[in-house]
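Take a look at the structure set out below.
The values are calculated or read from the model by the stated rules, or taken from the named source; none is laboratory data. Owing to the predicted nature of the structure, the values given are computational and were not obtained by experimental measurement. Every residue, glycine as well, gets a Cβ built from its backbone with ideal geometry; the counts of neighbours run over all protein chains shown. Just the protein is used for accessible areas: all its heavy atoms, side chains included, with ligands, DNA and RNA removed. Shrake-Rupley method; radii C 1.70, N 1.55, O 1.52, S 1.80 Å.
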Amino acid sequence: MDHEADLILRGGTIFTVVPARPRARAVAIAGGRIVAVGDEAEVLRARGPHTRVVELGGRAVLPALTDGHAHLYGLGRALDQVDLRGCPSAEACADQVAAAARERPAGEWLLGRGWDQNRFADGRFPNHAVLDKVVGGSPVWMRRVDGHAGWANARALAAGGVTAHTADPPGGRIERDSSGAPTGVLVDNAMQLVEHAIPPVTAAARERTILAAQSYVLARGLTEVHEMDIDAATVEVYRQLAAAGRLQLRVYAFADGADDAAVERLLAGAPDRSAPEARFTLRGIKLYADGALGSRGAALLAPYSDEPKNSGLMVTPPERMERIARRALAAGWQMAIHAIGDRANKLVLDAYEHAGCRGRDHRFRVEHAQVLALDDVPRFAALGVVASMQPTHATSDMPWAEARLGAARLAGAYAWRRLLDAGASLVGGSDFPVEKVEPIGGGLYAAVTRMDPAGQPPGGWLPDQRLSLDEAVRAFTAEAAWAAFEEAWRGHAAPGQVADLTVLDRDLPDAAALLKAEVDLTIVGGRIVYERQR
Ligand SMILES: [Zn+2]
């Protein structure tokens, strides 16, 4: 043993994600890398006088836990907003706004959502004066729970130029008192009067947003996130945070490719290469092929079962997907294309095929791969295309998915098992903040049981598509690492791999344990970046 270990975890269940030896009892870490994995006697040989030894007491440890599709910046934005859901009075809402205001620079816009006057004793819309009393110096704009009205303080009304003389815009209404003065609530299209006045997000606010999201996900055990659809300004902030050593989480990013000019700028430069010391890597371009199933925007080969004249729609023409894919392939960029419906998935696979993917090591991805024609299932492996899927989407969508698709089409819906059996690379993710962040009680649990956290439906929805625990863990670890070109140094627990480890508060003998498990420790590159307080 060359190195004295900095840290040894012993006496637990180490998931190695190495098929020949799937479990070990102990792991030793030195210089940010794993130096030994195995039984305790083997690993304790790396112990020196300064080694910290953590007694696991049977707890489980997962390596390289990754969310393969998420919106970290989007999560930060959601966390940054004042959440007024459930607040029982206008005054109570205002108190929450005031508490948030104390943590921000004076004068910065305070945004939030979730109030509902039906919960207030008088059932009436709130008034700007209630907000003015507690937050006078900063503009305040709080959207109603349904997003169809907003509540402003006097500062925000003034910023939007809303006065007694402002006419109601078409499709909108300014709530007024008996003198005609605005009371502070703007309905539907009138909301834009204030929303147009909200300044673009500053770099400082972006930084704060990302750091808040980072803390949130580290506390839930993630050591890497595949960050989808970020713009150039967000990329810049990530780069600054990484250079300053303030990014502790690994962020593997895909830039938003909706805009042609942005795509040209990306393709003109070189993609980043994944590296153990890097905390931010921009290597991918993300496009959207279609919309979502819930709103019937997903592009289907045959009409929706519950809307026979609608087959959904493509939001990016196939020619554009193919053109960008061909150039990305030549320049070493990775593609990720959102595809929900079976038509969208087929056209993305066609675009990748026509672009020349077959036989090349490109690791191009289909994000969601939610509804597949059965003859497209084997094409993932044949073309070397990654299926990046979100188990919790299945358990969120199951109450209405059959109505949209009909029973026959469900055979290719959320079909993880089918893809895996056909040899595809299957990556697990959550799409947070659309779904919850929790990888253990969320993604792994849904992948293994196909039940919601309440245990519905008993036995699981379309249970033939369930994964074993080890298959599910692989999707959230080794496969995610492979899909980010990291497999040489990350993805499983073995000597030489970086020490990205998540220690749970219990072993995982069955699916019920996934639901109850909490995260005790999160380690990235050998450093403890989260430790649960008890
Ligand atoms: Zn997404």
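Taken together, the residues in the range 335-370 that are more than 16 Å from the ligand (Cβ to nearest atom) and outside any loop (DSSP other than H, G, I, E, B) amount to 10. Scan the range 61-75 and tell me whether some residue there is free of Cβ contacts under 8 Å to residues at least 60 places away in the same chain and not hydrophobic (A, V, I, L, M, F, W, C). Within the range 61-75, none of the residues are free of Cβ contacts under 8 Å to residues at least 60 places away in the same chain and not hydrophobic (A, V, I, L, M, F, W, C).
For the range 453-483, the set of residues classified as touching a residue at least 12 places away in the same chain (Cβ under 8 Å) and surrounded by fewer than 13 Cβ atoms within 10 Å (Cβ to Cβ) consists of 464, 468, listed by residue number. In the range 134-163, the residue that is nearest to residue 188 (Cα to Cα) out of those that are open to solvent by 40 Å² or more (accessible area, probe 1.4 Å) and not hydrophobic (A, V, I, L, M, F, W, C) is 148. So, of the residues in the range 301-332 that are touching a Lys or Arg at 6+ places or on another chain (Cβ under 7 Å) and of a type in the set (A, V, I, L, M, F, W, C), which turns out to be farthest from residue 404 (Cα to Cα)? Step by step, filter the range 301-332, then rank; the result is 329. Of all residues in the range 437-452, those satisfying the criterion of being assigned to a loop (DSSP other than H, G, I, E, B) and either open to solvent by less than 20 Å² (accessible area, probe 1.4 Å) or within 24 Å of residue 76 (Cα to Cα) (or both) are 437, 438, 450.
Checked against the criterion of being in a helix (DSSP H, G or I), out of contact with any helix residue (DSSP H, G or I) (no Cβ under 6 Å at 6 or more places or on another chain) and surrounded by fewer than 18 Cβ atoms within 10 Å (Cβ to Cβ), the range 311-322 contains one or more residues that satisfy it.
Would you say residue 16 is polar (S, T, N, Q), buried (at least 19 other Cβ atoms within 10 Å of the Cβ) and within 16 Å of the ligand (Cβ to nearest atom)? Taking the combined requirement at face value, the residue does not satisfy it. When the range 382-435 is limited to residues that are over 17 Å from residue 339 (Cα atoms) and of a type in the set (Ser, Thr, Tyr), the one that is farthest from the ligand (Cβ to nearest atom) turns out to be 395. Please identify the pairs in which a residue from the range 346-375 that is open to solvent by less than 10 Å² (accessible area, probe 1.4 Å) and among the small types (Gly, Ala, Ser) has its Cβ atom under 6 Å from the Cβ atom of a residue that is within 16 Å of the ligand (Cβ to nearest atom) and not in a helix (DSSP H, G or I), counting only partners at least 6 apart or on another chain. Sorted first by the residue in the range 346-375, then by its partner, the pairs are 369/387; 369/389.
What residue, among those in the range 224-259 that are among the charged types (D, E, K, R) and within 13 Å of the ligand (Cβ to nearest atom), is farthest from residue 71 (Cα to Cα)? Across the range 224-259, the extreme among qualifying residues is 256. Screening the candidates 32, 11, 48, 38 for the property of being in contact (Cβ under 8 Å) with a residue 12 or more places away in the chain, open to solvent by less than 40 Å² (accessible area, probe 1.4 Å) and under 18 Å from residue 520 (Cβ atoms) yields one hit, 11. Checked against the criterion of being crowded, with 24+ Cβ neighbours inside 10 Å and assigned to a loop (DSSP other than H, G, I, E, B), the range 500-508 contains one or more residues that satisfy it. Number of residues in the range 394-430 that are outside any loop (DSSP other than H, G, I, E, B) and in contact with a strand residue (DSSP E or B) (Cβ under 7 Å, 6 or more places away or on another chain): the value is 13.
The set of residues from the range 97-115 being touching a residue at least 60 places away in the same chain (Cβ under 8 Å) and touching an Asp or Glu at 6+ places or on another chain (Cβ under 9 Å) comprises just one member, 111. With respect to residue 287, determine if the residue is open to solvent by less than 10 Å² (accessible area, probe 1.4 Å), at pLDDT below 95 and within 16 Å of the ligand (Cβ to nearest atom). Here the answer is no, as residue 287 does not meet what is asked. Residues that are assigned to a helix (DSSP H, G or I) and within 16 Å of the ligand (Cβ to nearest atom) were ranked within the range 66-111; the one that is surrounded by the most Cβ atoms within 10 Å (Cβ to Cβ) is 72. Contact map, the range 417-437: residues that are touching a residue at least 60 places away in the same chain (Cβ under 8 Å) and under 26 Å from residue 220 (Cβ atoms) paired with residues that are open to solvent by 10 Å² or more (accessible area, probe 1.4 Å) and part of a loop (DSSP other than H, G, I, E, B), Cβ distance under 6 Å, separation 6+ or inter-chain. Pairs shown: 437/220. Going by the structure shown, is residue 328 in contact (Cβ under 8 Å) with a residue 60 or more places away in the chain, open to solvent by less than 10 Å² (accessible area, probe 1.4 Å) and more than 16 Å from the ligand (Cβ to nearest atom)? Considered against the rule, which asks whether it is in contact (Cβ under 8 Å) with a residue 60 or more places away in the chain, open to solvent by less than 10 Å² (accessible area, probe 1.4 Å) and more than 16 Å from the ligand (Cβ to nearest atom), residue 328 comes out as yes.
When you look at residue 62, is it buried (at least 20 other Cβ atoms within 10 Å of the Cβ), outside any loop (DSSP other than H, G, I, E, B) and within 16 Å of the ligand (Cβ to nearest atom), yes or no? No: the conditions fail for residue 62. With respect to residue 119, determine if the residue is open to solvent by 60 Å² or more (accessible area, probe 1.4 Å) and within 16 Å of the ligand (Cβ to nearest atom). The answer is no for residue 119.
Conditions (1) touching a Ser or Thr at 6+ places or on another chain (Cβ under 8 Å); (2) of a type outside the set (Asp, Glu); (3) more than 24 Å from residue 146 (Cβ to Cβ), marked per residue:
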residue	(1), (2), (3)
185	no, yes, no
207	no, no, yes
211	no, yes, yes
215	no, yes, yes
223	yes, yes, yes
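For first residues located in the range 233-251 and more than 16 Å from residue 76 (Cβ to Cβ), partners that are modelled with pLDDT under 95 and lie 6+ apart or on another chain with Cβ distances below 9 Å form the pairs 250/274. Collect the residues in the range 191-250 that are among the basic types (Lys, Arg) and surrounded by fewer than 20 Cβ atoms within 10 Å (Cβ to Cβ), keeping them in residue-number order. If the condition is that a residue be among the basic types (Lys, Arg) and surrounded by fewer than 20 Cβ atoms within 10 Å (Cβ to Cβ), then 208, 239, 246 are the ones that fit.
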